[in-house]
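Below is one structure, written out as structure tokens; comments come after it.
The values are calculated or read from the model by the stated rules, or taken from the named source; none is laboratory data. From a predicted model like this one, the values you see are computed outputs, not experimental measurements. Cβ atoms come from the backbone with ideal geometry, glycine included; neighbour counts cover every protein chain shown.
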Amino acid sequence: MDMTDVKNTHYLQINHKIEKTFSNEDVLIISSTEAWEKFNWTRKYFSKKPRQGYFLWVKKQVNFPLFSCVLINSKKTTQDLQNLAVLEKGIDISLFGSCLSSKPGLYGSHNAYGKFVLKEGSSLKYEHRHSWDTNDKVKTRYTFILEENTKLNYIFKSINAPGKMDIENKAELSDNASCEIKAVIDCKNSEMRINDIIELKGKQSSGQIQMRLVGREKSIIYANSEILAKAQSKGHLDCQGLLVDESSKISLVPRLFCSNKKSQITHEASIGKISQEQLSYLRTRGLNEKQAISLIVNGFLNI
Amino acid sequence: MLLEVQKLKVKVEGKEILKGIDLKIKKGEVLALLGPNASGKSTLAKVLSGDIKYKVSGKILFNGKDITNLLPEKRVKLGIVLSWQNPPAIKGVKLSNLLEKISRKKVNLKEDILDRDVNLNFSGGEKKVSELYQILALNPKLVIFDEIDSGLDLEKLKDVSRIIKKELVDKGVTIIFITHSGEVLKFLKPNVVNVMVGGRIICRQKDFKKVFKTIKRYGYDRCKKYPLFANKS
């Protein structure tokens, strides 16, 4: 993330301090603590009074994307965020969220609990990027509540993985709701646990989970993905791992659960290594081994 | 001499595939290499490009410099480039992106394959076009074309040959052309034809038409016996 991103952001938190918020007639992004005090109705979404985090409320349609940034730039900072986002009926927005540490050696800890409520007919495209140092730790729990006729496209990207990361993304879908969860994770010297769950509760709902996991330099990745079909619905899991070296491990567990006979849920999962043929090919194009691996990995993560 | 191959032997899983190849090519020459399937032509192409999976004995000299153990990417820097017969797909990497990374020379490619993943679901013809434009972008001194003509219809074959002639042959780039087809050689008019059988070059001739006639009539092995082709160097 560069300074342009920080400047353009609508919500900026550095360590524990909120540096920037945004509000106009249509959109509000303030601290979760302030939301708890000001809007009684938000309390049902929080498990306890929040101390940190943002509250995003999109009341009317806006024609610009929203940006949030949560940064650690002081040593041994522990962030405990409770985020809440509410999209009113029929709203269609894009959100870009960044969570990161500014430099190596901060030993930061970032914990985030989030709830995203998509009211009837609304649509959210959310690109959530994480970039950390191997000394940092991250834990997040996000729940997306999709009311009728809503649409979620969530992309979680962890390009510079922290030393330890524990992620859970869960979506609950009502009638005619659709959801795509994509996880793009590149681990180096990292222990990663990721759990993506889609619960198809409503008729004609549909969900897809796509995971692309890269393990290198003594990384361990435990990835679980689950689709639960409880009403007539459709779902698909597509989980692929790529082991770049011998020192890494990937465990991939796709799980399907179906309690409605009219549902159709499917999965595909694989773990592979870098193809020697691809590597040879790119080297005959003038790329050295490192550049060739980097290109193949970037391509693999490009979903 | 631009390229000189001396007593080149290659074993794969204990089996000798190349059994002592000697080859010389001057700068600007077009050399055709013919031979039946599994005669070792593609192995030779890969070995010349520096594929690290092959254990090699003998010598490969380029501009007098010993490159026998040089890495493939360093050979590309010297100007040695291979056009693959069956190039692999690289998922998630657009051809335009790859060209941007490897180009040493600007090429104008207006094909719609630029926006597609490299070789993924490309037709046979599209793969060949993609290979050709990558080659041009690398601004080579020596190109090894491994059956770039296979799978092309006559029209496409003419187009590809025209580009090879205009952009490479006429500009003095040296070519090794591995092929089964006589058609493409009509366009490219090689200076010399080599026939390879069982991991050995069994004859060399300047007149490619005569070689083709013999192969058509009597098969590849006849080249060895036929007096016309006995002038091995």
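Pull out all pairs, ordered by first then second residue, where Cβ-Cβ is under 8 Å, the residues are six or more apart or on different chains, the first lies in segment B:142-160 and is in contact (Cβ under 8 Å) with a residue 60 or more places away in the chain, and the second is of a type in the set (Gly, Ala, Ser) and part of a loop (DSSP other than H, G, I, E, B).
As it stands, the answer is B:142/B:79; B:150/B:181, since those pairs meet every condition given.
For segment A:259-268, state whether one or more residues are within 20 Å of the chain's Cα centre (by Cα), assigned to a strand (DSSP E or B) and not β-branched (Val, Ile, Thr).
No, segment A:259-268 contains no residue that is within 20 Å of the chain's Cα centre (by Cα), assigned to a strand (DSSP E or B) and not β-branched (Val, Ile, Thr).
Has segment B:69-78 got at least one residue that is of a type in the set (A, V, I, L, M), over 19 Å from residue B:199 (Cα atoms) and without any contact (Cβ under 8 Å) to a residue 60 or more places away in the chain?
yes
Are any residues in segment A:232-251 within 28 Å of residue A:177 (Cβ to Cβ) and either in contact with a Phe, Trp or Tyr (Cβ under 8 Å, 6 or more places away or on another chain) or in contact (Cβ under 8 Å) with a residue 40 or more places away in the chain (or both), and if so, which ones?
A:233, A:240
Scan segment B:115-137 residue by residue and report those that are outside any helix (DSSP H, G or I) and surrounded by fewer than 22 Cβ atoms within 10 Å (Cβ to Cβ).
Passing the criteria: B:116, B:117, B:120, B:121, B:122, B:123.
Quickly run through segment B:162-188 and pick out the residues that are more than 21 Å from residue B:137 (Cα to Cα), in contact (Cβ under 8 Å) with a residue 40 or more places away in the chain, touching a helix residue (DSSP H, G or I) at 6+ places or on another chain (Cβ under 8 Å) and of a type outside the set (A, V, I, L, M).
B:179
Which one of A:303, A:197 is crowded, with 19+ Cβ neighbours inside 10 Å and either farther than 27 Å from residue A:177 by Cβ or among the hydrophobic types (A, V, I, L, M, F, W, C) (or both)?
A:197
Any residue at all in segment B:48-65 that's more than 13 Å from every other protein chain (Cβ to nearest Cβ), under 20 Å from residue A:289 (Cα atoms) and among the hydroxyl-bearing types (Ser, Thr, Tyr)?
No - not one qualifying residue is present in segment B:48-65.
Filter segment B:95-108 down to the residues that are surrounded by 17 or more Cβ atoms within 10 Å (Cβ to Cβ) and either at positive phi or more than 9 Å from every other protein chain (Cβ to nearest Cβ) (or both) and list them by number.
Across segment B:95-108, the qualifying residues are B:95, B:99, B:103.
Going through A:142, A:222, A:126 one at a time, which residue ends up being under 24 Å from residue A:267 (Cα atoms), aromatic (Phe, Trp, Tyr) and surrounded by fewer than 19 Cβ atoms within 10 Å (Cβ to Cβ)?
Every option except A:222 fails the conditions.
Mind checking whether some residue in segment A:258-268 is surrounded by 21 or more Cβ atoms within 10 Å (Cβ to Cβ), of a type in the set (S, T, N, Q) and touching a Cys at 6+ places or on another chain (Cβ under 9 Å)?
Looking through segment A:258-268, none of the residues is surrounded by 21 or more Cβ atoms within 10 Å (Cβ to Cβ), of a type in the set (S, T, N, Q) and touching a Cys at 6+ places or on another chain (Cβ under 9 Å).
Between A:168, A:180, which is out of contact with any Pro (no Cβ under 8 Å at 6 or more places or on another chain), more than 25 Å from residue A:272 (Cβ to Cβ) and in a strand (DSSP E or B)?
Selected residue: A:168, the only one of A:168, A:180 that is out of contact with any Pro (no Cβ under 8 Å at 6 or more places or on another chain), more than 25 Å from residue A:272 (Cβ to Cβ) and in a strand (DSSP E or B).
Can you name every residue in segment B:138-173 that is in a helix (DSSP H, G or I) and under 13 Å from the mean Cα position of the chain (by Cα)?
Across segment B:138-173, the qualifying residue is only B:164.
Just to check your reading of the model, which residue among B:74, B:53 is modelled with pLDDT under 95 and either over 20 Å from residue B:148 (Cα atoms) or surrounded by 14 or more Cβ atoms within 10 Å (Cβ to Cβ) (or both)?
Exactly one residue qualifies, and that residue is B:53.
Looking only at residues in segment A:277-297 that are at the interface with chain B (Cβ under 7 Å from one of its Cβ atoms) and out of contact with any Leu (no Cβ under 8 Å at 6 or more places or on another chain), which one is surrounded by the most Cβ atoms within 10 Å (Cβ to Cβ)?
A:281
Which one of these does residue B:58 not meet: (1) within 19 Å of residue B:180 (Cβ to Cβ); (2) of a type in the set (Gly, Ala, Ser); (3) not in a helix (DSSP H, G or I)?
Failing condition for residue B:58: (1).
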